[in-house]
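Please read the structure below before turning to the comments.
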2 protein chains.
Amino acid sequence: MTELLIVRRDLNFLLYEWLGMETLFERPAFADHSRGTIDAMLDLAEECAAAHFLPHYKQADQREPYLDDKGVHILPAIRDALARYAELGFFSAGFAPGLEGMGLPYLVCSAAFAMFAAANISTVAYAMLTVANARLIVAFGTSAQIDAFARPQIAGRWFGTMCLSEPQAGSSLADIRTRAQPDGADALGFRYRLTGNKMWISGGDHDGAQNIVHLVLAKIPREDHALPQGSEGISLFIVPKFLPDGRRNDVAVAGLNHKMGYRGTVNCALNFGEKDGAVGWLVGKAGDGLHQMFMMMNEARMGVGLGAAALGYRGYRHALQYARERQQGRPIGTRDGAPIAIIQHADVKRMLLAQKAYAEGALALCLYCARLCDEDDDAEAQALLGLLTPVVKTWSSEYGIAANDLAIQVHGGYGYTRDFDIEQLYRDNRLNPIHEGTTGIQAIDLLGRKILRSDGAGMAVAHERIGRTVAAAMSAPPLAVHARTLAEYWRRTRETIDALRAREGTSVFDNATYFHRAFAHVIVAWLWLDQGVIAEKACAPTGHDPAFYAGKLRACRFFFECELPHADAWLVLVGSGNDVASGAAEESF
Amino acid sequence: MTELLIVRRDLNFLLYEWLGMETLFERPAFADHSRGTIDAMLDLAEECAAAHFLPHYKQADQREPYLDDKGVHILPAIRDALARYAELGFFSAGFAPGLEGMGLPYLVCSAAFAMFAAANISTVAYAMLTVANARLIVAFGTSAQIDAFARPQIAGRWFGTMCLSEPQAGSSLADIRTRAQPDGADALGFRYRLTGNKMWISGGDHDGAQNIVHLVLAKIPREDHALPQGSEGISLFIVPKFLPDGRRNDVAVAGLNHKMGYRGTVNCALNFGEKDGAVGWLVGKAGDGLHQMFMMMNEARMGVGLGAAALGYRGYRHALQYARERQQGRPIGTRDGAPIAIIQHADVKRMLLAQKAYAEGALALCLYCARLCDEDDDAEAQALLGLLTPVVKTWSSEYGIAANDLAIQVHGGYGYTRDFDIEQLYRDNRLNPIHEGTTGIQAIDLLGRKILRSDGAGMAVAHERIGRTVAAAMSAPPLAVHARTLAEYWRRTRETIDALRAREGTSVFDNATYFHRAFAHVIVAWLWLDQGVIAEKACAPTGHDPAFYAGKLRACRFFFECELPHADAWLVLVGSGNDVASGAAEESF
């Protein structure tokens, strides 16, 4: 079954030939690792994904989590798969040895995650949240908090959640009303009693782990008992389902959300403090909550992007297999002879190549940024990572679904039936442009916080690296035409940013989503060209595996010829300050 | 609830202000009708859709048809809704009085259908197939066949299907293997015994009607018992589930297809002739089957387009209602004050305006073509209708889903839950680019049969009508800029066709799908501009209802500024004979 997950040959190209994994081993943090240890871990991931995650993919969709008076029940196969995941060390893989981890690069963890996500996104989502939760506690918690709440998660015995949204505060966290009343202090820090309603909590309750560690955003009331206004008033609390003494904390499931897809991941509305107030311990300083939570949110955004890429990728592999096997029709203009495999029809090739460009492009984008995470002492890498996080999250989500949409189409009527997995991949993937910040929110983050209101460091690094890729591609003749195209689009992107900077007022955000689309397309084009440079060299007459590299070059060319030109329309809209939508009167709809 | 279906004000604009319904009454066939009778029928449709179709929308999704030893069972609410539909005369509405019909224009039937489709596409699909089936029998059957098989369908007592595909012959009908063995003749015509397996039969079996009339494509063996090659060997047969003497015909359900959406419409694999051969009567002449079936296919393609438009439209209405009610966030740059309705955020406005442009645009396209159907004695209208049928089918399907996708996004996380209807609209709509000929097939039909291999009559009519719209818009100052844009895109479209004509070989079809995209976008732009001309006049300072017309003009402008520019990229690909996909080696994927 592994040919339907992430292709190992492809992963090797990305990790070793393109992203220079080996240079990571020169860093002290990763000095104990080698290609041998990494490949062994990826072998394990591949085997475990195929043996323990893939088999219950459809079942998890058909048998949703349910709530009864004992709590939420998830499919036993989900619990078993995650137990195996823990046993093999995938929860702890990215943590330092001092935390019982393996100290693997984030890049490797991400590659492994992609295989699990391709196999079963809604099962591995529990682990993704748990690891990100533990990482936040390790970063900002006290050592007592780390021991009590992070270590059991790193071991995979307890799972974690993030509790941000409330019914009246979805994307607008400044409006949260969950209240944290001081309740003394103990060995775990300042203790509070929380009351409030949280919404959209993935993994919010279930019987798949011994305990659940909620990281909860709440506000500490002022002396006049009112809650502080705005996001500066937000603090972060650790609120476990079961308290250290084993008693049940005052956290109740108010209901389950029944979703279109991603069904194996239970999603709850939680009530904190229906009785005496849920016990929670403050993480870091009061008022630092949102800032701290951004660490987890950023990791979750990367995870969403990578999951979306993996779903797109798996759909492509299914479509490819089907297109090679299904016999239908004849070459245009011929009437006789046996039907041909549909992969020979030009439009099917187009749909497959588009999927390859989208899905492999998204995986490359995600892993490129995972590599940046590992350079955590490099300010340039971190600046670029900040700039690209909304791109990773959103481009991968939007084009992962576009790939799944084409995979359905390649399958014809069969793709629309539940006998095949494609329709589920498509449904699962549809969550990704929504959770952890919608596409619209990511666009405002990119244009506002990451570009117009930043010091420009991220853009400077991008500029320098894009310039390097352009220069390298200029010296690889078949790529020179793309190099010139990229340089031109990048120039226009920067020009558009300058035009926005020069403009007054808030209307610069009117076309933020179009800006994001254009910017992201240019970034993906850059990364395709950067891979193209490697492929072009490897493709030389003496090289091995020419079809593989020819495929990469073909996908690169597809992206430049069929996709990038659309950035033109988006840049024009942004640059001209188009107000057709923003100026529409409400009553005209 | 009707504000969530097709808005009557909008329908009145399309039918009376734009499409000149009243001029239809001048035609002898429609002389008995008036705005009064038509509006009464549309009132009935609106009421019936809201009262009998909408309420079981979700239930039909949750409780799929099932098969047991008595046959296929559908939800009783579906049966009841269709009984009411029959009672009110919607099955017979479009048939001549001699057939117990009301002789209503196809345009009116389509407008009514849109309301039912918006309310519950999978319930009204049974009626759509039945009416199209009966119309084919009326057109090509003998009077005995009409009495026996069309009249009970026109009355809504029996339902109809179309049986084309087989497991090995999906889009490639020349490869069907269903065999029709001569079996004498009787009052119903030449009788045959059919054996074969048919796939994807919507309404193929169920307990919702007294009988089911299958129209089946099959081949009559030659003297050497072999089946004739190619599509010329295809004949058409009427094969009822129950024979005129009440006995069960030899047609068996081989299984049900379980779909992602559109679940209320049962979809079967049927086995014909498991025992003695299914009894069927030849329609028209042997070998005319595919030609005759095209009448039903074209009607079904129009129906698919209209259904897709209606689903997009309903999603837009839901999103609009939600965006007006949901309070979240503040204007960019402000931190204080109460949250605002999300319709005030620029990106939400963009998503709503795009939905309006897609969904209202698709409805306009479908009704424009329905109007052409009513001019069945006008060769020009029929030529244009032929040209536009693949556009109606495909553009409405692709952009209907695009609208539903945005409707989910406007709802945020709620849009992904099954508590709201949006996710179901999106799932239902995903069938539409597949059935009755996929997008890829429609693109080849448009470029091949309708343009390159046609006599050019359809293009000539389009050219003349587009020229008229351009001229009218040139004299309405705010629209002049769009008029010039449209003229330029139309010129480039024709130039691209000339370039394709001049090119040799089958590679002209390599980018047929991109050609279809560009062509369809230009057509939709034309129809938006044509509506814009009307709206611009009505919008004058002395006019009534200025917000309505301003909305139409806004959607028109959106389409020209945000959508049409993408046709540029597609035309370049087609015009340059891009071979990035078609030239990709199979082993490079």
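Just so it is clear, none of the values below were taken in a lab; they were calculated from the coordinates. Only a predicted model underlies this, so the values are computations on that prediction, with no experimental measurement involved. As a convention, Cβ positions derive from the backbone with ideal geometry for all residues, glycine included, and neighbour counts pool all protein chains shown.
Rounded to the nearest Å, what's the spacing between the alpha carbon centres of the stretch A:523-589 and the stretch B:494-512? Just the number, please.
25
How many angstrom separate the Cα center of the stretch A:53-77 from the Cα center of the stretch B:151-217?
Each part reduced to its Cα centre gives a spacing of 42 Å.
Which three extents, in angstrom, do the Cα atoms of the stretch B:253-349 have along their principal axes, listed largest first?
Sorted from largest, the Cα extents of the stretch B:253-349 read 79, 28, 16 Å.
Check A:GLU64: other-chain or 5+ apart residues with amide H under 5 Å from its amide H, H built from backbone geometry?
Excluding prolines and chain starts, which carry no amide H, there are no hits.
Where the centre of each part is set by its Cα atoms, how far does the stretch B:374-429 sit from the stretch B:235-261, in angstrom?
29
Quick check: net charge around B:LEU54, other residues with Cβ under 15 Å of its Cβ, Lys/Arg +1 and Asp/Glu -1?
Local net charge: -3.
Using only C-alpha atoms and all pairs of different ones, pull out the Kirkwood radius for the stretch B:357-429 in Å with one decimal.
Hydrodynamic radius (Kirkwood, Cα only) of the stretch B:357-429 equals 13.6 Å.
Jot down the per residue volume, in cubic angstrom and as a whole number, of the convex hull over the alpha-carbon atoms of the protein assembly as shown.
In the protein assembly as shown, the Cα convex hull volume per residue is 174 Å³.
Based on Cα coordinates alone, diagonalise the gyration tensor for chain A, multiply each eigenvalue by 5, take square roots, and list the semi-axes in whole Å, largest first.
Computed over chain A, the values are 39, 29, 24 Å.
Report the relative contact order of the stretch B:463-522, percent, no decimals, based on alpha-carbon pairs under 8 angstrom and at least 6 residues apart.
Over the stretch B:463-522, the number comes to 27 percent.
Under 20 Å from the Cα of A:LYS537, which lysines turn up, not counting those fewer than eight places away in the same chain?
Candidates past the 8-residue exclusion: A:LYS552.
A:GLN181: net charge of surrounding residues, Cβ under 11 Å, Lys/Arg +1, Asp/Glu -1, itself excluded?
Summing Lys/Arg as +1 and Asp/Glu as -1 gives +2.
Below 8 Å between Cα atoms, with a sequence gap of 6+, how large is the relative contact order for chain B in percent?
12
Determine by what factor the alpha-carbon radius of gyration of the stretch B:2-154 differs from 2.2 N^0.38 Å, reporting the quotient.
So the Cα radius of gyration is 1.11 times the expected 2.2 N^0.38 Å.
Calculate the mean, over all residues of peptide B:414-422, of how many other protein chain Cβ atoms lie within 10 angstrom of the residue's Cβ.
Mean number of neighbouring Cβ atoms from other chains: 4.
Sorted by mean Cβ packing within 10 Å, highest first, what order do the peptides A:284-292, A:491-499, B:106-114 take?
My ranking of the peptides, most packed first, is B:106-114, A:284-292, A:491-499.
Toward the positive end of the charge dipole of the stretch B:229-296, about the Cα centre and with charges on Cβ (Lys, Arg +1; Asp, Glu -1), which of B:VAL251, B:SER235, B:GLY273 goes farthest?
B:VAL251
What percent of all Cα-Cα pairs in the stretch B:452-589 falls into each 10 Å bin, going from 0 up to the bin containing the maximum distance?
11, 36, 28, 16, 7, 2, 0
Show log10 I(q)/I(0) for the stretch B:92-228 at q = 0.11, 0.17, 0.19 Å⁻¹, two decimals, from a solvent-free Debye sum over equal Cα scatterers.
-0.47, -1.03, -1.19
Could you tell me which of rounded, prolate or oblate describes the stretch A:416-523, using a ≥ b ≥ c as the square roots of the eigenvalues of the alpha-carbon gyration tensor, with rounded for a/c under 1.5 and, failing that, prolate when a/b is larger than b/c and oblate otherwise?
Judged from the Cα gyration tensor, the stretch A:416-523 comes out oblate (a/c at least 1.5, b/c at or above a/b).
If contacts are Cα pairs under 8 angstrom and at least 6 residues apart, what is the relative contact order of the stretch A:246-403 in percent?
Worked out over the stretch A:246-403, it gives 25 percent.
Can you tell me the dipole magnitude for the stretch A:123-245 around its Cα centre, using point charges on the Cβ only (Lys, Arg +1; Asp, Glu -1), in Debye to the nearest 20?
Using Cβ point charges on Lys, Arg, Asp and Glu, the stretch A:123-245 gives about 160 debye.
Please give the charge dipole size of the stretch B:2-154, origin at the Cα centre, charges +1 on K and R Cβ atoms and -1 on D and E Cβ atoms. Round to the nearest 20 debye.
Using Cβ point charges on Lys, Arg, Asp and Glu, the stretch B:2-154 gives about 240 debye.
Taking a label point 7 Å from Cα toward Cβ, how far is A:LEU67 from its twins in the other copies, in nm, shortest first?
In nanometres, ordered from closest: 3.7.
Tell me, rounded to the nearest percent, the portion of alpha carbon pairs in the stretch A:159-286 spaced more than 22 Å apart.
31
Please give me the summed charge of the neighbours of B:GLU495: other residues whose Cβ is under 12 Å from its Cβ, Lys and Arg +1, Asp and Glu -1.
Net charge around B:GLU495: +2.
Name the aspartates and glutamates eligible as straight-distance cross-link partners of A:LYS349: C-alpha to C-alpha under 18 Å, and not fewer than 8 places from it in the same chain.
Partners within reach: A:GLU325, A:GLU360, A:ASP405, A:GLU561, A:GLU563, B:ASP510, B:ASP579, B:GLU586, B:GLU587.
Any idea what the dipole of the stretch B:345-458 comes to, in debye rounded to 20, about its Cα centre with Lys/Arg Cβ at +1 and Asp/Glu Cβ at -1?
Dipole about the Cα centre, nearest 20: 500 debye.
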